[in-house]
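Have a look at the structure below before the remarks.
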2 protein chains.
Amino acid sequence: MVTVEELTTFCKKKGLVFANSEIYGGIAGFFDYGPIGVELKNNIKKEWWTYHVQQRQDVVGIDGSIIAHPTVWIASGHVNGFSDVLVSCTKCNERFRADVLIEDLLNISASSLTLSDINEFIRTKNLKCTKCKSPLGEASAFNLMFQTFVGPKQDKDAIAYLRPETAQLMFANFKLVAETARCKLPFGIAQIGKAFRNEISPRNFLFRMREFEQMEIEYFIHPDKHDECPFIKHVLEYELLILSSESQIKGTSATKMTIAAALENNIIQSPWHAYWLATEHNWFVKLGCNPEHIRVRQHVTEEKAHYAKDTWDLEYEFPFGWKELQGIADRSDYDLQQHIKNSGKDLSLYDEETKKKIVPHVVAEPSTGVDRAFLLFLCEAYLYSKERDYVVLRLHPALAPVKAAIFPLLSNKEELTKLAHKIYEDIREDFPAQYDTSGSVGRRYARADEIGIPYCITIDFDSITNKDVTIRDRDTASQIRVPIKQLQQRLCQLLKQEIAFEKAGVLVKKENNTQHNSDDPTSNTQN
Amino acid sequence: MVTVEELTTFCKKKGLVFANSEIYGGIAGFFDYGPIGVELKNNIKKEWWTYHVQQRQDVVGIDGSIIAHPTVWIASGHVNGFSDVLVSCTKCNERFRADVLIEDLLNISASSLTLSDINEFIRTKNLKCTKCKSPLGEASAFNLMFQTFVGPKQDKDAIAYLRPETAQLMFANFKLVAETARCKLPFGIAQIGKAFRNEISPRNFLFRMREFEQMEIEYFIHPDKHDECPFIKHVLEYELLILSSESQIKGTSATKMTIAAALENNIIQSPWHAYWLATEHNWFVKLGCNPEHIRVRQHVTEEKAHYAKDTWDLEYEFPFGWKELQGIADRSDYDLQQHIKNSGKDLSLYDEETKKKIVPHVVAEPSTGVDRAFLLFLCEAYLYSKERDYVVLRLHPALAPVKAAIFPLLSNKEELTKLAHKIYEDIREDFPAQYDTSGSVGRRYARADEIGIPYCITIDFDSITNKDVTIRDRDTASQIRVPIKQLQQRLCQLLKQEIAFEKAGVLVKKENNTQHNSDDPTSNTQN
């Protein structure tokens, strides 16, 4: 498996991700996406939004601001409760995140330890500063929200916070959104946007950043209808293992079986919660993740966030071990009730059936880090090819930053470059393409493979007489000859995975590999 | 013309934009985009990115973090120089942005006044607090950057800033981007992202916000090649006035003539600067802006930013007057030289021709506020129809949040709803669509028109026997009958504006109205 150091080096070299402000020595926990990285990141967000919002009838989107009224964060509990435990060296003043220090020194899981547990550990195990070996002081809570002042006065009343999660904007805007978008339960509100946490120990490249991006849904249901999820059976059965672009195996992964069993045995309380776990798993698999690389895990009582009734994580096998990819919490009506209390506003909905006002429950909150998803798709795609002696980035075509590269066989023959450039201009009308004339075609293939371009098109002397070109497949290196007239259409079909390369060098029709249409649980909610 | 109050009310009612944290009374200068607004905003960003990055060979993108190493903002001059003048009431302590106060009280332009000018005005004109009428104190500079602390220590060394512009990330990453993306001059680096300014007086809805979003390009050229812009003639000639979806007039707008004349008379120094002014104008016009609603204006010496050699604004006629839509500054090599000085790093490029190292010049920095563009497209689209007695949002199809609405004629006839829902599911595979069964078809047309849905599709009893449906055009209310089999393709053509509605109710082929391909100035820069 690729190491995180290899990935970091690769990302810098190929323009995917750089440390922020590298010329000034960087700043821990902040990264900049380069020319190739920004396209991959945008594609991940676009695919998420299409799947979770635009192709569903029961989810609408918002885009809230990063700085909100500070009472939002008092109501949510973040001002009082959103903290990690910090411990300092009594001599050199170095500061550590206590649970991470304990995990590193004692090699145990410390995520569910309380503040007094931690102080107990430090005393009894006689833990020392890892830098100067002096004794550690008393551990204390450290709030992770970045704080600033809004307006010309810099006093207590002007304090505001950078949001530590996008979720609260969905709650604060709940009533306005439900009314203006005419939402009927069950329905979700989705958002993609930056969030900020002043992590004591940012680490593992894009895994734990101080500035990161979230893709979140708050899914609201009628409080009495936790059991009415008509599509649960279908979503649990639906599985398609795309192990590579060549082979497809239908089956049910271990993860799906775990979810089904947990539901069967009432370990997951609501089928809606299970539905979203399975749906999220499907999304990653649909975009090329090996389903066996994702597992589910229920939070133990001590590690649940203050708002959560029940939380399940999707975990991914990162290069540094199995870690949280996505947390899916059942937040019940905690947040809406908190905002009702703090704002004095009526945030209930009117239930036509019972003629009563109800406060909906958030049965699931699928919450994915964009940067973690980026890391996952990179890990899945990264393959050092011994045969080719370089890295091939086998990204799903929908995620590939550049969809096609166009090469004139020789760069100094005008009849070739003119035709090639014309083809390039036509193609980039429909999708991102690259025009490359530099070095041998082999060198150009290598450059294209390294940034995951699915198809390379070469224009040679035969192209002028026969009016056709070569398309080469990134993963198999197979080539076929296609008439220029059909090129655009063939590329579209290839990118949509309607057709594929056979080893023999011919195109074949693929089986339909998306069933997301029928995932839609709520065909008639927003009439 | 629509007033800003009307727009604000409309935006809230239809789910486009809300004041942030409205349930807590809002927070000045911060807004949340609702379900329809987020789609429009995303479409604007997508269209900008496609036009400025993906369809050009000479521009690459990045996505830098909002918080950067603080030295970035020392080098850029923002820590010392990015301020407005603040003045407080000596009695009630109310604070004002001094230039705005002077403009409001004296009805003169105050944007080029210095701090001592302002204090002079306050004394000689005897200006008073607008709230309690007491005397004003001494005015002073107020830095507009939001400040926070990064890491567990909250001391001087931990100070960091929320970026007040996206631009600096392009400079700080300049060398890494140029190398990894193999850029050759002239080339641009583009970025879309949030920026923050602690405005003393946020105002005019989305026009002056404290948290806003920018779409920026830094366009780098060889310092000795300011005059080598081969495409300037073409871009100045290229104009197509799309006054409505029905009528198109080719011609040259007053704005284009102004740019051409300024270049001719050396008022604009570099054809590259003129090229970008014209290109930006083209982008807005391409997406439906009346070219006569945009004008250009050169900054006078006093109002230029500290980094600018020459700045031109594109101004738009907002409901509150002609205001800056987009500033296009010639930043010369100011920023790169500052970062070279502060980082000690070599940020020069090697010039193959002269075999010398050169520090490129930023000849133009097309910088648009996403939110201002949103406001512009809203103003252009907003039309109260007397005939229909409601607002029709005549957005360009590429910007429309929802592309098509699907209505079964009656909601209680299963043969209709089943067919209609099937059509809806097919359509939303390709683009955002809405399914609506509530109320009369007339009421549903109204709801669709108000959020700018270009085409409504009605499924009636004839649809079952004849296998065809009605498509209705938002702007003309004309209707045509189309076979269900051809629906998808026709909709695609309509949305791409390849075909249009004739009054008579037939579809006709439209003239090609985009020439952006040939805008590309640098066909061979990234080989």
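Quick notes on this structure:
- Here is how far apart the B:Asn266 label points are across copies: 8.9 nm, shortest first, using a point 7 Å from Cα toward Cβ.
- Per residue solvent-accessible surface (Å²) - segment B:397-515, probe of 1.4 Å: 43
- Accessible-area value, A:Val359, 1.4 Å probe, nucleic acids and ligands omitted, Å²: 30
- Computed from the alpha carbon atoms alone, the convex hull of segment A:397-515 holds 99 Å³ per residue.
- Computed per residue of chain A from DSSP H runs no shorter than four, each worth -39500 (n - 2.57), the mean residue ellipticity at 222 nm is -9000 deg cm²/dmol.
- Loop-located chymotrypsin sites (Phe, Trp or Tyr not before Pro) in segment A:316-406 whose Cβ has at most 14 other Cβ within 10 Å (DSSP): A:Phe320
- Of all chain A C-beta atoms, the nearest to the rotation axis linking A with B is recorded, alongside its rounded Å distance, as A:Thr148, 2.
- For B:Phe461 and B:Asp389, the FRET efficiency from 1/(1 + (r/R0)^6), where r spans their Cβ atoms and R0 equals 35 Å, is about 0.75.
- Buried on complex formation within segment B:9-31 (loss of at least 40 square angstrom of accessible surface versus the isolated chain, 1.4 Å probe, ligands and nucleic acids ignored): B:Phe18, B:Ser21, B:Ile23, B:Tyr24, B:Ile27.
- The string of couplings for segment B:363-369 from the Karplus curve (6.51, -1.76, 1.60, θ = phi - 60°) is 7, 7, 9, x, 9, 10, x Hz, one whole number per residue in order, with x for Gly and Pro.
- Inter-probe distance in nm under a simple model that places probes 7 Å from Cα toward Cβ, at B:Lys485 and B:Ser348: 6.9
- ³J(HN,Hα) computed for each position of segment A:415-427 - Karplus, 6.51 cos²θ - 1.76 cosθ + 1.60, integer Hz, glycine/proline x: 4, 7, 5, 5, 5, 4, 5, 4, 4, 4, 5, 5, 5
- For chain A, share of DSSP beta bridges that run antiparallel, in % to the nearest 5: 85
- Association of chains B and A removes close to 7600 square angstrom of accessible area from solvent, both sides included, for a probe radius of 1.4 Å.
- 21 Å Cα-Cα reach of A:Lys467 towards lysines, excluding residues that sit fewer than 8 places from it in its own chain: A:Lys413, A:Lys418, A:Lys422, A:Lys485
- Nearest-first distances (nm) between copies at B:Asp475, label 7 Å from Cα via Cβ: 4.3
- Its relative contact order, with pairs defined as Cα atoms under 8 Å and 6+ residues apart, puts segment A:387-464 at 49 percent.
- Take every DSSP beta bridge whose two residues both sit in segment B:397-515; close to 60 percent of them are antiparallel.
- Placed amide H near A:Arg208: partners under 5 Å, 5+ positions off or other chain: A:Arg203
- Under the Karplus curve 6.51 cos²θ - 1.76 cosθ + 1.60, θ = phi - 60°, whole-Hz ³J(HN,Hα) for segment B:280-290, x wherever Gly or Pro sits: 5, 4, 4, 4, 5, 5, 4, 9, x, 7, 5
- Segment A:420-505, accessible surface, carbon-and-sulfur percent (1.4 angstrom probe): 48
- Reduction of at least 30 Å² in accessible surface, 1.4 Å probe, comparing all protein chains with the chain by itself, residues of segment A:156-203: A:Leu162, A:Ala172, A:Asn173, A:Leu176, A:Thr180, A:Arg182, A:Lys194, A:Asn198
- Placing a label point 7 Å from the Cα of B:Arg203 along the Cα-to-Cβ direction, the residues of segment B:88-125 whose backbone N falls under 13 Å of that point are B:96-111.
- Burial of accessible area (probe 1.4 Å, heavy atoms of protein chains only) in segment B:64-78, relative to its chain alone, reaches at least 40 Å² for B:Ser65, B:Ile66, B:Ile67, B:His69.
- Within straight-line reach of B:Lys233, meaning a Cα separation under 18 Å, sit the following aspartates and glutamates at least 8 residues removed in sequence or on another chain: B:Glu264, B:Glu280, B:Asp519, B:Asp520.
- Using the Cβ-Cβ distance between B:Thr130 and B:Lys13 with R0 set to 35 Å, the FRET efficiency from 1/(1 + (r/R0)^6) comes to roughly 0.65.
- Cys with no candidate disulfide partner in chain B (beta-carbon separation under 4.7 Å rule): B:Cys11, B:Cys183, B:Cys229, B:Cys289, B:Cys379, B:Cys456, B:Cys492
- In this structure, the amide hydrogen of B:Gly452, modeled 1.01 Å from its nitrogen in the peptide plane, lies closer than 5 angstrom to those of B:Leu393, counting only residues at least 5 positions away or on a different chain.
- For segment B:1-156, the carbon plus sulfur part of the accessible surface works out to 50%, probe radius 1.4 Å.
- Placing +1 on the Cβ of every Lys and Arg and -1 on the Cβ of every Asp and Glu, with nothing else charged, gives segment A:333-431 a dipole about its Cα centre of roughly 160 debye.
- Test item: Cα-centred dipole of segment A:397-515, Lys/Arg +1 and Asp/Glu -1 on Cβ, debye: 80
- Sequence-separation-based contact order of segment B:397-515, relative, with Cα cut under 8 Å and 6+ spacing, percent: 24
- B:Val469 long-range amide H proximity, modeled H, under 5 Å: B:Val482, B:Ile484
- Cα-based values for the protein assembly as shown, radius of gyration first and Dmax second, are 29.0, 88 Å.
The values are calculated or read from the model by the stated rules, or taken from the named source; none is laboratory data. Predicted, not measured: the structure shown is a model, and the values here were computed from it. Glycine also receives a Cβ, built like all others from the backbone with ideal geometry; neighbour counts cover every protein chain displayed. Surface accessibility is based on the protein's heavy atoms, side chains included, excluding ligands, DNA and RNA. Shrake-Rupley method; radii C 1.70, N 1.55, O 1.52, S 1.80 Å.
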